[in-house]
Amino acid sequence: MQAAASEIESLRLQIAHHDYRYFVLDDPEVPDAEYDRLMRRLRQLEAEHPELVTPDSPTQRVGGRPQDQFDEVRHLSPMLSLENAFSEEDVRNFDRRIRDRLGGDQELIYACEPKMDGLAISILYEDGLLVRAATRGDGTTGEDVTQNVRTIRSVPLRLQSRGWPARFEARGEVFMPVDGFRALNAQSEGRGDKTFANPRNAAAGSLRQLDSRVTASRPLEMIFYGLYAPDESTLPATHSGRLAAMRDWGLRPSAEARTCVGIDAVLQYHDEIASRRSLLPFQIDGVVYKVDRIDLQQRLGFVSRAPRWAVAHKFPAEEELTLVRGVEWQVGRTGALTPVARLEPVFVGGVTVSNATLHNIDELRRKDIRIGDTVIVRRAGDVIPEVVSVVMDRRAPNAKPVELPISCPVCGSGIERGEGEAVARCSGGLFCQAQVKESLRHFVSRKAMDVEGLGEKLIEQLVDRGLVSSADELYRLNIEMLAGLDRMAAKSAANVIEALEASKNTTLERFLFALGIRDVGEATARALASHFGKLAALMEANEEQIQQVRDVGPVVAGHVHAFFAEARNRHVIQRLVDSGICWPDVERPEPLASPLTGKTVVVTGTLSSMSREEAQALIRKLGGIASSSVSSKTDYLIAGEKAGSKLAKAEKLGVTILDEESFTRLVSTLAPEGD
Ligand code: 9MJ
């Protein structure tokens, strides 16, 4: 019994220490497996000795039965709110005001920290043990959410023993990191449950659970930024000192907290955090500045509930409400129809937004966006604005559902939608002016043929006036044809012609990318160019041969093959080449002469020395064709562990079968070192 008690105590101390290393220092000492082993042992001992279980044991985070309601709690001292500043000027005024009040002309030291966008929580610790946790409520009384806060693993149930006051409240923000929020929503969506509009709502919803087992399943975290003890004299004399003390005790402050001397340094801190805002793993809605010295804080005092010594410098909101005025369909280069919401202009994320992409019809249906709806619009960092969700409470009875058009809004051709595909497409091809314009824009873009000065407006005019309907016709333009267009002086016309001329010297990969073959981005264009070396070789290749290119699967190979099979495309390519477009030969390592040269090889089962993909890459390097299905054309089958139906089929067809050892022996004598 005595032995069990002391082992239990030792395990709890070790676990608390590892929690501290992991959550506070972000520097774990042991692998997860060791931590899990300690927890398992503790659970086992506690099961054998239930009388030794105490509430601060790490096994006791999830409480007993669900509660009926949350009790009211009175905070030891009121929980404060913060005054807001929205501009540099507001912040400078704040600094001037308090310096005037303090009557000195010295620069002040400010403690600066991100303003977490979560829920303010106050936790009462007595003799180092978590005894109570409460929401802010009206500032004086809040709701008792102890059972739920106990489930948050970055909140210690027992403090590291390092000189904390016998009784104090630690204050901070409970929040849900963005990754956890996304995963939670994906899970809910998979189950057909309702999703949360943002991490803040998700954190609030998770803390408001009457069943703490639900809260325990949510990825909540807590960051601490305040301390209140009945006896102030026991606490450090600065805010930054208090954050450091809390960190020592196991209460994690923000890793971004800094002190700044003077308001210029404070504003610099603001800009620095603002520029990293979208990279942080959690959402923040501003930065908070606090006079660092507590004696000065006390001299400054409060106006109603807000301290004079602190201010929240808010970032422009990343989410705002606005109205959907209409939904239009844009036709892309490959005919894909993208619904775009026309919005009542709204200032969000630092810019005025009046359009937002709705991606595709499925997304539009899933979010159930209707014309006339009030929606949440989000713009974070440099990301394209998006409609997050509809505010259903505000839906008007006459809100109009959006339908996929039956014909292309630009050319009137039929709309096609492949089985199981999210994207609907205009079937008009190059008959559709929208597709022509988009493909020309792509053709001349920087990473494609890089024709400087040939912008969207000019392409629009060229197509609308019937001067150009395919890429090859760009190279038949002359100065006279251009000079007649709107806003086209003789000089700029000459520049465009010159840029077109200059673009003729290109590379095969740029040319392939410029053609705008479906699913062929820069990387695939590069892979195709280096694999085939010559345009003619690619144009004559069959699908199986195209699939031999690194990272090209059957779908892309199908698109590439279909593109070159189309007479109109071959014609355009011929004319482009005739107009003088050229590129240097692609340097390509000659495939080694090997027993696999020209042979069709299938890999099946699990290989111990490499993955199946690696084996296929080796086969290609040795001049073989890596195929995925066994047929009478298969020359070799490489069979690893647990080979199944392919092995059986190969045996039946009399295909030569190599085991892993024979295969590795073969390639080790032939494959050059490295890649
Ligand atoms: C947040 N939300 O991150 C305060 N806050 O200080 C920080 N909130 C605060 N400080 C006094 N970092 C009242 C509220």
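The values are calculated or read from the model by the stated rules, or taken from the named source; none is laboratory data. In this text, all values refer to a predicted model and were calculated from it rather than measured experimentally. In this analysis, Cβ positions are derived from the backbone assuming ideal geometry, glycine residues included, and neighbour counts consider all displayed protein chains. Note: areas computed on protein heavy atoms with side chains; ligands, DNA, RNA excluded. Shrake-Rupley method; radii C 1.70, N 1.55, O 1.52, S 1.80 Å.
Looking only at segment 360-374, which residues are free of Cβ contacts under 8 Å to residues at least 40 places away in the same chain and either part of a strand (DSSP E or B) or surrounded by fewer than 19 Cβ atoms within 10 Å (Cβ to Cβ) (or both)?
Going residue by residue through segment 360-374, those that are free of Cβ contacts under 8 Å to residues at least 40 places away in the same chain are 364-368.
Hits for segment 360-374 are 365, 366, 367, 368.
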**Report entry** Flag if residue 171 is within 16 Å of the ligand (Cβ to nearest atom), touching a residue at least 60 places away in the same chain (Cβ under 8 Å) and more than 29 Å from the chain's Cα centre (by Cα)
**Finding:** yes
Requested in this report: Would you point out the residue of segment 315-326, among those that are at pLDDT 95 or above and open to solvent by 20 Å² or more (accessible area, probe 1.4 Å), that is farthest from the ligand (Cβ to nearest atom)?
Outcome: 325
Report task. Please state which one of 448, 434, 424 is aliphatic (A, V, I, L, M), open to solvent by less than 10 Å² (accessible area, probe 1.4 Å) and more than 19 Å from residue 498 (Cα to Cα). Result -> 424
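If you go through segment 512-526 one residue at a time, how many are touching a residue at least 60 places away in the same chain (Cβ under 8 Å) and over 17 Å from residue 537 (Cα atoms)? Can you show your working first?
Of all residues in segment 512-526, those touching a residue at least 60 places away in the same chain (Cβ under 8 Å) come to 513-516, 518, 522.
The next check asks that each one be over 17 Å from residue 537 (Cα atoms); those that pass are 514, 516, 518, 522.
Number of matching residues: 4.
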Requested in this report: Check whether at least one residue in segment 108-120 is away from the ligand (no atom under 16 Å from the Cβ) and open to solvent by 60 Å² or more (accessible area, probe 1.4 Å), and report yes or no.
Outcome: yes
Requested in this report: Tell me which of these residue 26 doesn't satisfy, since it passes every other one: (1) modelled with pLDDT of 90 or more; (2) open to solvent by 60 Å² or more (accessible area, probe 1.4 Å); (3) more than 17 Å from residue 162 (Cβ to Cβ).
Outcome: (1)
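Would you point out which residue out of 575, 550, 568, 526 is open to solvent by 70 Å² or more (accessible area, probe 1.4 Å) and over 26 Å from residue 335 (Cα atoms)?
The conditions single out 550.
Would you pick out the residues in segment 486-502 that are outside any helix (DSSP H, G or I) and crowded, with 17+ Cβ neighbours inside 10 Å?
Keep residues of segment 486-502 that are outside any helix (DSSP H, G or I), which gives 486-489.
The answer is 488, and nothing else.
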Query raised in the report: Which condition breaks for residue 585 when tested against (1) open to solvent by 70 Å² or more (accessible area, probe 1.4 Å); (2) in a helix (DSSP H, G or I)?
Result: (2)
Query raised in the report: From the list 263, 294, which residue is in contact with an Asp or Glu (Cβ under 7 Å, 6 or more places away or on another chain), β-branched (Val, Ile, Thr) and at pLDDT 95 or above?
Result: 263
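Table: residues versus (1) in contact with a Lys or Arg (Cβ under 7 Å, 6 or more places away or on another chain); (2) at pLDDT 95 or above.
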residue	(1), (2)
100	no, no
103	no, no
107	no, no
110	yes, yes
120	yes, yes
125	no, yes
132	no, yes
140	yes, no
152	no, yes
Report summary line: Note on residue 68: of the conditions (1) over 22 Å from residue 224 (Cβ atoms); (2) free of Cβ contacts under 8 Å to residues at least 60 places away in the same chain; (3) charged (D, E, K, R), unmet is (2)
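Just to be sure before I move on: is residue 272 open to solvent by 30 Å² or more (accessible area, probe 1.4 Å) and either in contact with a Pro (Cβ under 6 Å, 6 or more places away or on another chain) or at pLDDT 95 or above (or both) in the structure I sent?
Yes, satisfied.
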**Report entry** Test set (1) surrounded by 21 or more Cβ atoms within 10 Å (Cβ to Cβ); (2) assigned to a helix (DSSP H, G or I) - residue 282 fails condition number
**Finding:** (2)
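Give the residue, chosen from 80, 76, that is within 16 Å of the ligand (Cβ to nearest atom), modelled with pLDDT under 95 and open to solvent by 60 Å² or more (accessible area, probe 1.4 Å). Lay out the reasoning, then the answer.
Details: 76 fails: open to solvent by 60 Å² or more (accessible area, probe 1.4 Å).
None of the others qualify; the one that does is 80.
Looking at the structure I just gave you, is residue 186 touching a residue at least 24 places away in the same chain (Cβ under 8 Å) and aliphatic (A, V, I, L, M)?
On the way: touching a residue at least 24 places away in the same chain (Cβ under 8 Å): no; aliphatic (A, V, I, L, M): yes.
It is false that residue 186 is touching a residue at least 24 places away in the same chain (Cβ under 8 Å) and aliphatic (A, V, I, L, M).
Being open to solvent by 30 Å² or more (accessible area, probe 1.4 Å), more than 21 Å from residue 584 (Cα to Cα) and of a type outside the set (Gly, Ala, Ser) narrows it down to one residue among 505, 542; which is it? Quick ask: steps written out before the conclusion?
Details: 505 fails: more than 21 Å from residue 584 (Cα to Cα).
Just one listed residue meets the conditions, 542.
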Report summary line: By residue number, the members of segment 329-356 that are open to solvent by 30 Å² or more (accessible area, probe 1.4 Å) and part of a strand (DSSP E or B) are 329, 330, 338, 342, 344, 345, 347, 351, 352, 354, 355
Query - Odd one out for residue 635, checked against (1) surrounded by 16 or more Cβ atoms within 10 Å (Cβ to Cβ); (2) touching a helix residue (DSSP H, G or I) at 6+ places or on another chain (Cβ under 9 Å) - result: (2)
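Listed here are the residues, each with its yes/no results for (1) within 14 Å of residue 110 (Cα to Cα); (2) in a strand (DSSP E or B).
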| site | (1), (2) |
| --- | --- |
| 276 | no, no |
| 290 | yes, yes |
| 298 | no, no |
| 316 | no, no |
| 320 | no, yes |
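Can we say residue 145 is surrounded by fewer than 19 Cβ atoms within 10 Å (Cβ to Cβ) and aliphatic (A, V, I, L, M)? Before the answer, list the steps.
Details: surrounded by fewer than 19 Cβ atoms within 10 Å (Cβ to Cβ): no; aliphatic (A, V, I, L, M): yes.
When the stated conditions are applied, residue 145 does not pass them.
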Query raised in the report: Got a number for residues in segment 612-644 being modelled with pLDDT of 85 or more, in a helix (DSSP H, G or I) and not aliphatic (A, V, I, L, M)?
Result: 0
Requested in this report: Check whether at least one residue in segment 101-116 is free of Cβ contacts under 8 Å to residues at least 12 places away in the same chain and under 35 Å from the mean Cα position of the chain (by Cα), and report yes or no.
Outcome: no
Query raised in the report: Which one of these does residue 140 not meet: (1) away from the ligand (no atom under 16 Å from the Cβ); (2) surrounded by fewer than 18 Cβ atoms within 10 Å (Cβ to Cβ); (3) among the hydroxyl-bearing types (Ser, Thr, Tyr)?
Result: (1)
Requested in this report: Using the structure shown, decide if residue 471 is open to solvent by less than 60 Å² (accessible area, probe 1.4 Å), under 29 Å from residue 521 (Cβ atoms) and either touching a Phe, Trp or Tyr at 6+ places or on another chain (Cβ under 9 Å) or assigned by TED's automatic domain parsing to the domain that holds residue 569 (or both).
Outcome: yes
Query raised in the report: Any idea which of (1) open to solvent by less than 40 Å² (accessible area, probe 1.4 Å); (2) within 26 Å of residue 508 (Cα to Cα) is the one residue 605 doesn't satisfy?
Result: (2)
